[in-house]
Amino acid sequence: MPSVKVRLKTCEQSYEVKVDSGLLSGLGTEVRACLGPDARRAAIISNRAVFNLYGKAATQSLESADFKVTPWLIGDGERYKTLRTLNQTLDFLTASYFERNDAVIALGGGVVGDLAGFAAATYQRGITFVQVPTTLLAQIDASVGGKTGVNTPAGKNLVGAFHQPSAVLIDTNTLATLPRRELTAGWCEAIKHGAVGSRKLFDQTCSFLRSSSKGLVMRHAQNESTKTKPYDTRLNQLIAAHCRFKASIVAHDEREDIGRNDLYSRKILNFGHTTAHALESVTQYRRFRHGEAVGYGMLVAGEMSKKLGMIANAELELLREAVRLCGPLPRANDLSIAEIMRRLTRDKKSVSGKIKWVLLERIGRARIVDDSAIEPKVLRESLRAGLRQS
Ligand SMILES: NC(=O)c1ccc[n+]([C@@H]2O[C@H](COP(=O)([O-])OP(=O)(O)OC[C@H]3O[C@@H](n4cnc5c(N)ncnc54)[C@H](O)[C@@H]3O)[C@@H](O)[C@H]2O)c1
């Protein structure tokens with residue numbers, strides 16, 4: 001089974017990310033092995049949709065490893081990643097008498113993982129938690145790295161904590177039920193990893209998507225019977241490679257040091273995100289899944305890189321093809337460029353009033369550029385060109 005070790009300088013404990021098809025049935029054994037014999041109880045934090053699909057298997061497996069299991073279901077979607085839900089979750093843990101050596105199991109996508117992780121970070125000043133991510137985005141990105149938190153009315157992820165999981169267990173079979181748009185969103189984030197940091201990972205991801213573009217993304221959303229062993233093996237290896245990449249970035253910059261602009265800075269993972277946040281904001285978070293907006297954001301950043309003479313056209317073409325391979329994106333060419341430019345200046349990633357753009361020198365090599373180096377005309381034309389494509 002592919003596995004990835006996450007090692008952190010500031011944290012005594014390192015942890016393992018395990019990737020396999022069908023891992024859910026061995027969840028109890030895995031959690032027992034990483035928590036030791038003293039842990040008695042497990043709170044599965046999930047939402048109804050995911051719990052209906054995978055709650056029974058997770059519960060049975062944990063019970064067979066002698067855990068007393070109590071589920072706690074939160075609402076489905078970003079709008080439930082709030083302080084209110086956190087409060088309710090902490091009340092549940094308190095009322096159920098969870099103790100410091102008990103565990104929280106986050107079963108779901110990034111919303112569940114971020115919220116459950118934050119609850120685990122704050123309950124009794126921090127209890128153990130294990131991530132069991134069930135979306136592609138959470139499997140390759142959100143579950144690794146220890147960022148937890150909630151949104152507030154002022155913005156996304158504004159309140160949170162760094163709290164590393166004790167283990168991340170990825171059952172890739174859970175992707176079989178994931179809606180197609182969620183897969184597209186996850187693949188866009190996967191392309192981002194390769195584009196900013198690893199040509200090899202970029203090629204591996206594109207080759208996987210290309211070879212299966214007539215089957216995989218669709219087939220995956222259909223049913224189990226059409227899956228094949230080689231397909232599973234390649235998918236598992238690919239997801240593990242993405243976790244390895246994320247772990248390497250996290251190991252170098254665990255807490256996203258604000259002063260860093262180098263190639264191992266966690267900031268490079270914001271590639272495509274500056275425009276993505278503006279697109280999500282001008283459409284009131286209704287039109288795009290976050291990863292879909294990142295797809296456009298990468299295209300815009302690619303256009304900017306070309307206009308600034310940083311990237312060759314052939315490399316940009318590879319990026320365009322990669323985004324196409326992820327799946328269709330909702331239309332964006334009807335949006336007001338002036339409005340998007342206004343929102344961009346409000347991006348929360350701006351530091352000291354300046355936006356740090358993550359651009360590309362080539363596929364696999366990012367460069368962080370201050371917005372003072374970018375003329376409004378370049379930005380406007382890049383937006384126009386990037387949002388035309390999909
Ligand atoms: N902590 C981090 O480092 C980090 C990184 C990236 C994103 N995030 C956060 O992740 C969140 C987005 O995560 P997401 O894209 O996973 O969205 P999500 O958690 O909202 O899940 C998307 C949808 O898929 C459903 N779902 C989940 N697994 C399923 C399955 N196997 N089958 C069928 N349906 C399933 C969910 O119920 C939900 O409706 C955002 O809040 C974002 O801020 C965190």
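No lab work stands behind these numbers, since they all come straight from the coordinates. Keep in mind it's a predicted model, so treat the numbers as computed, not measured. Cβ placement follows ideal geometry from the backbone for every residue including glycine, while neighbour counts extend to all protein chains displayed.
Assorted remarks:
- Residue-averaged [θ]222 nm for the chain, counting only DSSP H segments that reach four residues, each worth -39500 (n - 2.57): -14500 deg cm²/dmol
- Sorting the segments 124-136, 293-305, 47-59 by their mean number of nearby beta carbons within 10 angstrom, highest to lowest, gives 293-305, 124-136, 47-59.
- Relative packing of 323-336, 18-31, which averages over residues the other C-beta atoms within 10 Å, highest first: 18-31, 323-336
- Sites Lys68 and Tyr285, calculated FRET efficiency, Cβ-Cβ separation with R0 25 Å, nearest 0.05: 0.05
- Positive minus negative residues near Ala312 (Lys, Arg vs Asp, Glu; Cβ under 15 Å): +2
- Cβ-placed point charges (K, R +1; D, E -1), dipole of the range 138-203 about Cα centre in debye, nearest 20: 180
- Average Cα contact separation per residue, the chain, under 8 Å, 6 or more apart, as relative contact order %: 16
- Helices assigned as whole DSSP H runs in the chain whose Cα atoms extend at least 27 Å along their own long axis and whose mean Kyte-Doolittle hydropathy is -1.0 or higher are found at 229-252.
- The antiparallel fraction among DSSP beta bridges confined to the chain stands at about 40%.
- Taking other residues whose beta carbon is less than 12 angstrom from the beta carbon of Phe118, and scoring Lys, Arg as +1 and Asp, Glu as -1, yields +1.
- Max mean-square fluctuation residue, GNM over the chain, Cα-Cα springs under 10 Å, options Trp72, Trp357, Trp187: Trp72
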